[in-house]
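> Quick one: structure below, then a few questions.
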Amino acid sequence: MELRQLKYFIKAAELQNFTDAAAAVFITQSTLSQQIKQLEDELQLPLFDRVAKRVRLTEAGKFFLPYAQKTIREAEDGRDMLKDLMNLQSGTLTVGTTYGLTNLLTKAVLDFSAKYPDIKLQIGFGTTQDLIAQLEQGKLDMMLSFMPEQETPSVQSEKIFSSCLALIVHSGHPLAQMKQVNLRQLNEIPLLLPSAGYSIRNYLDSVLQKHHVMPNVKMEVNDIHMLLQLVDTGRWATVLMGSSAFNHPGLQAVKITGAGMTREATIAWPRNAYRKRSALALAKSLAAYATDYHVNEKGVPA
């Protein structure tokens, strides 16, 4: 069943004459008759009674007509929406992000929404593991996380900046003025850490195990925002990516020394899926602001 067949059927039903219908859709009468006959053969029911030069809908034709009209209408609506989407005039963009990239995304979103006010943004937070699952299920157009740049059968990611693992403390904390701390010093510092399931926690645990370090963990929190609020009281410290301290004037990021302390922030896409122009526009804005976050092994974000 083809859309053109449905269009021919609708026009013939409207004009009750194959010759007039053919002229209205700019084809020959024989072509229109052939296409409608093919449609009837596929449906295995006659749609028209042929009476002399006139035609009229059969009972099956009357029943089928509103469905054909709905199909054509929805197809045309979809075509119009795609035109708008390609012109960045409308549409929805669904983005998933981990908390450590909130500040970068906020800056990019402000820029993006000013340029494309009619694009509806849907932003959700989650762990890297949860977001990857949503990306694979087609629930996200793109995601931001500290997942290494990679390609899998279902996901493709690209680096936007690097960030160092850092001790996050209140600006009045005794360690706030230090340029760096050694990983083994975490044995002595009362820490709050993200709960298991967060990518940063899994990464930190692997680093600590590799260096045989047992951190002094006082509390685990399943919400990064609350975690930073508690650190902001000055009673505890935490270990996150240095970029997490951005836009938190009361907090200080102190680089943790050692090999393998730098991670890549990436944009991940569903592999082999169409990338919306709105998603590419947001990615461009993210890349522009990411230059403020980029660091190397020598320091935390400036």
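> Being surrounded by fewer than 12 Cβ atoms within 10 Å (Cβ to Cβ), closer than 30 Å to L131 by Cα and without any contact (Cβ under 8 Å) to a residue 24 or more places away in the chain is the filter here, so list the residues in the stretch 169-218 that pass it.
Once the filter is applied, which keeps residues that are surrounded by fewer than 12 Cβ atoms within 10 Å (Cβ to Cβ), closer than 30 Å to L131 by Cα and without any contact (Cβ under 8 Å) to a residue 24 or more places away in the chain, the stretch 169-218 yields S206, Q209.
> Considering the stretch 219-233 alone, what residues qualify as being outside any helix (DSSP H, G or I) and either under 25 Å from the mean Cα position of the chain (by Cα) or surrounded by 12 or more Cβ atoms within 10 Å (Cβ to Cβ) (or both)?
M219, E220, V221, N222, D223, D232
> Which condition does F64 not pass, out of (1) modelled with pLDDT of 85 or more; (2) touching a helix residue (DSSP H, G or I) at 6+ places or on another chain (Cβ under 6 Å), if it passes all the others?
Every condition holds for F64 apart from (2).
> Starting from residues that are under 15 Å from the mean Cα position of the chain (by Cα) and in a loop (DSSP other than H, G, I, E, B), keep the ones in the stretch 104-145 and report whichever is surrounded by the most Cβ atoms within 10 Å (Cβ to Cβ).
The qualifying residue surrounded by the most Cβ atoms within 10 Å (Cβ to Cβ) is L140.
> For V95, work out the one condition from (1) in a helix (DSSP H, G or I); (2) modelled with pLDDT of 85 or more; (3) not acidic (D, E) it doesn't fulfil.
In the conditions (1) in a helix (DSSP H, G or I); (2) modelled with pLDDT of 85 or more; (3) not acidic (D, E), V95 misses (1) alone.
The values are calculated or read from the model by the stated rules, or taken from the named source; none is laboratory data. These figures come from a predicted structure and were not determined experimentally. Methodologically, a virtual Cβ is constructed for each residue, glycine included, from the backbone with ideal geometry; neighbour enumeration extends over all protein chains shown.
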